[in-house]
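The values are calculated or read from the model by the stated rules, or taken from the named source; none is laboratory data. Just so you know, these numbers come straight off a predicted model, no measurement behind them. Counting neighbours? That spans all protein chains shown, and the Cβs are built from the backbone with ideal geometry, glycine included.
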Amino acid sequence: MSADRALRDPLDDSVRDQVEAALAAHQGRPGPLLQVLHEVQNRLGYVPPAAIPIIAEALNLSRADVHGVVTFYHHFRQAPGGRHVIQVCQAESCRAMHCDKLTEHAQRKLGVQLHGTTADGRYTLEPVYCLGNCACSPAVMIDGELHGRVTPDAFDALIAPLS
Amino acid sequence: MNIKVYVPRDAAALSLGAGRVADAIDREAQRRGLQVQLIRNGSRGLFWLEPLVEVATPEGRHAYGPVTVQDVPGLFDAGFLEGKAHPLHLGLTEEIEELKSQQRLTFARVGVIDPVSVDDYIAHGGYVGLKRALAMSPGEIVDAVTQSGLRGRGGAAFPTGIKWKTVLDQPPQQKYVTCNADEGDSGTFADRMLMEGDPLMLIEGMTIAGIAVGATQGYIYLRAEYPHAQRALNEAIAAARASGYLGSNILGSGKQFELEVRLGAGAYICGEETSMLESLEGKRGEVRVRPPLPAIKGLFGRPTIVNNVISLASVPVILAKGAEFYRDFGTGKSRGTIPLQLAGNIKHGGLIERAFGLTLRELIYDYGVGSASGRPIRAVQVGGPLGAYIPESQFDTPIDYEALSAIGALLGHGGVVVFDDTVDMAGMARYAMEFCAIESCGKCTPCRIGSTRGVELMDRVLANIDRERNLQLVEELCDTMLHGSLCGLGGMTPFPVQSALKHFPEDFRKTVQ
């Protein structure tokens, strides 16, 4: 998408405001791109394609450079996620405590596969490779809150209050 | 009079309900009109007892755990504020056997103090090392670290003092101290616990490193999966700065050191030091070709110390108590203590800091008390996703760098993941290849392509398609990845695969249902 076309879309005006605020918070520090992208994602929930040319121009990088960084890191999202992001750990320690079964349960319960977002935009289900809660496996993170020793029943109880 | 009650803010304790327990204690105290001062400490690392609530009494701190919200009114009724009896009462915290038998140097304050209070830190021996360092020459500081025998705790076990010496020897210019806090290995959480439970110790260690090599700027590269550690670090950095322990004139010495936390973005490869430097510069985390070493041309092309959290956090003790004190712990070429992390299918998982030399069996059965499922333990993986699987027959191996290396394993960052007899080792070997494929930075072919081919080969083995020939190809592929990869991700992914093949061949030759 060209920068000109991005500017014509009224939706992108709010994107531009948020991206510029993110740039203002980190520009001027050495090597700020990752921190800018974090700030954009914190503000908008994802890094929209329209943000790329704005960031590239401000940091004197090519759009390819910025795109390359956004796509390299698992954390950055290029499309909006669900209202709740649910991460189920898939790493060895959680495997030893049968996170495969928990993952199957979560997929069934939410009606969505790993990496997917439910049709109603409520949940995004993601794999994650270690939450550092390995003495309390299996671990799940919901909207930044960590949970340990998560059984399928406990998972249901954690999901129940989410709207 | 205010009674001090400790409820951890450690992420793992919170994951088991510590936040709700703290709120409940606060509410119950108010309801009863009692003066309680809640302190949100780190975790003691005894996770089967979390949420662990402690109460300060004249004879010491009494522990209660694991406490649920429902237990709170009963604890008040029983008089837990005076350390009185209750079914959850564990006695004095310091007398809990699993804690008492440890040798905590790096984790001495974790779970004890308020992590973001400079006063509390100093009251428990903090900043003694920095004050000593300020009175020493840079060369003397580096010598002390070298003499201590400290080796990189991130996994590579390279002598820390030699790294520092290389940076010190570079001509004066902008230099950096970077802390690798991208603790991505499954089964490890020591960095996280330390950053949440005693962040000032890491800050002190980095400040000493800066003074030693003439670096004025430090960066902590923290993984995005650790939001609790991010909060603790930022609070602690602000507190240190406000007290004159960071900034342009540290304790009036004229020395300068600044510190910033930078977040990663979910890439395991960024735990590799050159990839971490790329990421700190705001780029794709692609591995750099060495030489040049980061100590010569590191962050932004400048001389840079890259050390793991635990390595840097070990430095204040070495400076405060002397290199000999630290070196007297341990065995052979593995000096000092190692914070081991016991995880996976284990009854008593947690953090055990001991001098090198404890055996795996002692760790798993004396500290861990066997599997969580109650079934026999079949294997442990030591050192994260790139570490070897070790069978029961080798559990008497002492935990030190050389002894593990001698059986084809590695200690890595000290994580030990326990598996019971329901584990499918062929499935774990497939997973090792899959993980490498997901996390490869893509720069070198053996890792980028090899890992994907490895998954495909393992799928054929599991489906019993031309099995023996494909197993032969897996062996050859492992050899190529081992010798042809640019860094440890592609170069060590063969370790779990080969060790699973060697010790558990029967799992690769099961009848397909």
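Among the residues making up the range A:41-80, those that are surrounded by 17 or more Cβ atoms within 10 Å (Cβ to Cβ), under 15 Å from the mean Cα position of the chain (by Cα) and among the aliphatic types (A, V, I, L, M) are A:LEU44, A:VAL47, A:VAL69, A:VAL70. Per the conditions (1) within 14 Å of chain A (Cβ to nearest Cβ); (2) under 27 Å from the mean Cα position of the chain (by Cα); (3) within 20 Å of B:ALA409 (Cα to Cα), the sole criterion not satisfied by B:GLY488 is (1).
Here is the figure for the range B:185-201: residues that are within 8 Å of the chain's Cα centre (by Cα), within 25 Å of B:ALA242 (Cβ to Cβ) and of a type outside the set (D, E, K, R) total 2. If you filter the range B:184-233 down to residues that are free of Cβ contacts under 8 Å to residues at least 60 places away in the same chain and within 17 Å of B:ILE141 (Cβ to Cβ), you find that the one that is surrounded by the fewest Cβ atoms within 10 Å (Cβ to Cβ) is B:THR216.
For residues that are assigned to a loop (DSSP other than H, G, I, E, B) and touching a strand residue (DSSP E or B) at 6+ places or on another chain (Cβ under 7 Å), scanning just the range B:187-202, find the one that is nearest to B:PHE419 (Cα to Cα). Even if it seems obvious, please write down each step before you answer.
First pass over the range B:187-202, keeping only residues assigned to a loop (DSSP other than H, G, I, E, B): B:187-189, B:198.
Pick out the ones that are also touching a strand residue (DSSP E or B) at 6+ places or on another chain (Cβ under 7 Å) and you get B:187-189.
Details: B:GLY187: 12, B:THR188: 15, B:PHE189: 18 Å.
Ranking the qualifying residues of the range B:187-202, first place goes to B:GLY187.
Just so you know, in the range B:391-432 the residues that are within 14 Å of chain A (Cβ to nearest Cβ) and of a type in the set (Ser, Thr, Tyr) include one that is nearest to B:LEU457 (Cα to Cα), and it is B:TYR431. The test for being touching a strand residue (DSSP E or B) at 6+ places or on another chain (Cβ under 9 Å) and either among the small types (Gly, Ala, Ser) or in a helix (DSSP H, G or I) (or both) does not hold for B:GLY139. Can you name the residue in the range B:78-94 that is surrounded by fewer than 17 Cβ atoms within 10 Å (Cβ to Cβ) and free of Cβ contacts under 8 Å to residues at least 24 places away in the same chain and, of all such residues, is nearest to the chain's Cα centre (by Cα)? Of everything passing the filter in the range B:78-94, B:PRO87 is nearest to the chain's Cα centre (by Cα). Do we find a residue being crowded, with 22+ Cβ neighbours inside 10 Å, assigned to a strand (DSSP E or B) and assigned by TED's automatic domain parsing to the domain that holds B:PRO199 anywhere in the range B:292-305? Scanning the range B:292-305 turns up at least one residue that is crowded, with 22+ Cβ neighbours inside 10 Å, assigned to a strand (DSSP E or B) and assigned by TED's automatic domain parsing to the domain that holds B:PRO199.
Being within 12 Å of chain A (Cβ to nearest Cβ), surrounded by fewer than 23 Cβ atoms within 10 Å (Cβ to Cβ) and charged (D, E, K, R) is true for just one of B:ARG27, B:ARG32, B:ARG20. Which residue is that?
Working: B:ARG27 fails: within 12 Å of chain A (Cβ to nearest Cβ); B:ARG32 fails: within 12 Å of chain A (Cβ to nearest Cβ).
Result of the check over B:ARG27, B:ARG32, B:ARG20: B:ARG20.
Could you please find all residues in the range B:318-335 being surrounded by fewer than 24 Cβ atoms within 10 Å (Cβ to Cβ) and in contact (Cβ under 8 Å) with a residue 40 or more places away in the chain? Even if it seems obvious, please write down each step before you answer.
Filtering the range B:318-335 for residues surrounded by fewer than 24 Cβ atoms within 10 Å (Cβ to Cβ) gives B:320-325, B:327-335.
Hits for the range B:318-335 are B:ALA320, B:GLY322, B:ALA323, B:GLU324, B:ARG327, B:PHE329, B:GLY330, B:THR331, B:GLY332, B:LYS333, B:SER334, B:ARG335.
Within the set B:SER137, B:SER117, the sole residue that is more than 24 Å from B:ALA56 (Cβ to Cβ) and of a type in the set (S, T, N, Q) turns out to be B:SER137.
The condition of being under 18 Å from B:THR188 (Cα atoms) and surrounded by fewer than 21 Cβ atoms within 10 Å (Cβ to Cβ) holds for only one of A:ARG95, A:ARG83, A:ARG149, that being A:ARG149. Number of residues in the range A:106-156 that are farther than 20 Å from B:TYR268 by Cα, more than 12 Å from chain B (Cβ to nearest Cβ) and not in a loop (DSSP other than H, G, I, E, B): the value is 12. If only residues of the range B:434-444 that are of a type outside the set (Ser, Thr, Tyr) and farther than 20 Å from A:MET97 by Cα are counted, the one that is farthest from the other protein chains (Cβ to nearest Cβ) is B:CYS444. The residues of the range B:235-259 that are in a strand (DSSP E or B) and among the acidic types (Asp, Glu) amount to a single one, B:GLU258.
Scanning the range B:347-368 for residues that are part of a loop (DSSP other than H, G, I, E, B) and within 13 Å of another protein chain (Cβ to nearest Cβ), which turns out surrounded by the fewest Cβ atoms within 10 Å (Cβ to Cβ)? Steps first, please.
Initial filter on the range B:347-368 (part of a loop (DSSP other than H, G, I, E, B)): B:347-349, B:356-358, B:368.
Filter once more, keeping what is within 13 Å of another protein chain (Cβ to nearest Cβ): B:347-349, B:368.
Details: B:LYS347: 17, B:HIS348: 19, B:GLY349: 32, B:GLY368: 28.
Applying the filter and picking the extreme gives B:LYS347.
Tell me, yes or no, whether the range B:385-401 has at least one residue that is surrounded by fewer than 22 Cβ atoms within 10 Å (Cβ to Cβ), without any contact (Cβ under 8 Å) to a residue 24 or more places away in the chain and touching a Phe, Trp or Tyr at 6+ places or on another chain (Cβ under 9 Å). Within the range B:385-401, none of the residues are surrounded by fewer than 22 Cβ atoms within 10 Å (Cβ to Cβ), without any contact (Cβ under 8 Å) to a residue 24 or more places away in the chain and touching a Phe, Trp or Tyr at 6+ places or on another chain (Cβ under 9 Å).
Out of everything in the range B:142-165 that is part of a helix (DSSP H, G or I) and of a type in the set (A, V, I, L, M), what residue ends up being surrounded by the fewest Cβ atoms within 10 Å (Cβ to Cβ)? Within the range B:142-165, the match that is surrounded by the fewest Cβ atoms within 10 Å (Cβ to Cβ) is B:ILE162.
Inside the range B:260-281, can you point out the residues that are of a type in the set (Gly, Ala, Ser), assigned to a helix (DSSP H, G or I) and within 7 Å of chain A (Cβ to nearest Cβ)? Once the filter is applied, which keeps residues that are of a type in the set (Gly, Ala, Ser), assigned to a helix (DSSP H, G or I) and within 7 Å of chain A (Cβ to nearest Cβ), the range B:260-281 yields only B:SER279. If we scan the range B:235-256, do we find a residue that is surrounded by 16 or more Cβ atoms within 10 Å (Cβ to Cβ), more than 30 Å from A:LEU37 (Cβ to Cβ) and touching an Asp or Glu at 6+ places or on another chain (Cβ under 8 Å)? Yes - at least one qualifying residue is present in the range B:235-256.
So is A:HIS38 at pLDDT below 95, buried (at least 17 other Cβ atoms within 10 Å of the Cβ) and within 12 Å of another protein chain (Cβ to nearest Cβ) or not? Talk me through it step by step, then tell me what you get.
Numbers: at pLDDT below 95: no; buried (at least 17 other Cβ atoms within 10 Å of the Cβ): yes; within 12 Å of another protein chain (Cβ to nearest Cβ): yes.
Criteria not met by A:HIS38.
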